[in-house]
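The structure appears below as structure tokens.
We did not get these values from a lab; they are worked out from the coordinates using the rules stated. What you see is a predicted model, and the numbers here were worked out from it, not measured in a lab. We place every Cβ from the backbone using ideal geometry, glycine too, and count neighbours over all the protein chains shown.
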């Protein structure tokens, strides 16, 4: 009786590998194509997702406290995810494309720049939203410093005019 039970458990154990293999075998070429032509840096994506989740939660807390939470704001999250995905795909393609089978290093800087820009943008948004929730949590000089820049990362025009700084 005990031998039959062991055989049953062995069959069940070996059978547990059947379904994962049936799923994994056809998916592996698809995953290879995705990693070659669309996106490969999954570690970076984990960091970006963490910041997006934190930014979203902090933003929700702010809007709930302001009592202006709406479904339009939730819809903006999907737009942001779509735009970020497109930017990451473009950065990946420019960073790894080949000519005549040979890789080019021409736009690897763009991939680094795009990834850094997305991370910094999310981090700045978290700091700004945290300052909106409770201004005492974020030092005023940091909030002022962030307010002095426009959406392109340049000092706002009034600062340039006051400092006689040439515009770019």
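Miscellaneous remarks
- Helix 18-37 axis versus longest C-alpha principal axis of the chain: approximately 40°, rounded to the nearest ten.
- Taking 8, 63 and counting other C-beta atoms within 10 Å, the order from fewest to most: 8, 63
- The chain, helix-only ellipticity at 222 nm - DSSP H runs n ≥ 4, -39,500 (n - 2.57), divided by all residues, nearest 500: -25500 deg cm²/dmol
- Between helix 2-15 and the chain: long-axis angle, C-alpha atoms, 0 to 90°, nearest 10: 40 degrees
- The GNM of the chain, with springs linking C-alpha atoms under 10 angstrom apart, assigns the highest mean-square fluctuation among 62, 39, 78 to 78.
- Computed from the C-beta positions of residue 112 and residue 18 and an R0 of 41 Å, the FRET efficiency is 0.45 to the nearest 0.05.
- Calculated FRET efficiency for the pair residue 11/residue 123, C-beta based, R₀ 30 Å, to 0.05: 0.05
- Residue with peak Gaussian network fluctuation, the chain [Cα springs, cutoff 10 Å], from 19, 145, 37: 19
- Residue with peak Gaussian network fluctuation, the chain [Cα springs, cutoff 10 Å], from 126, 38, 142: 142
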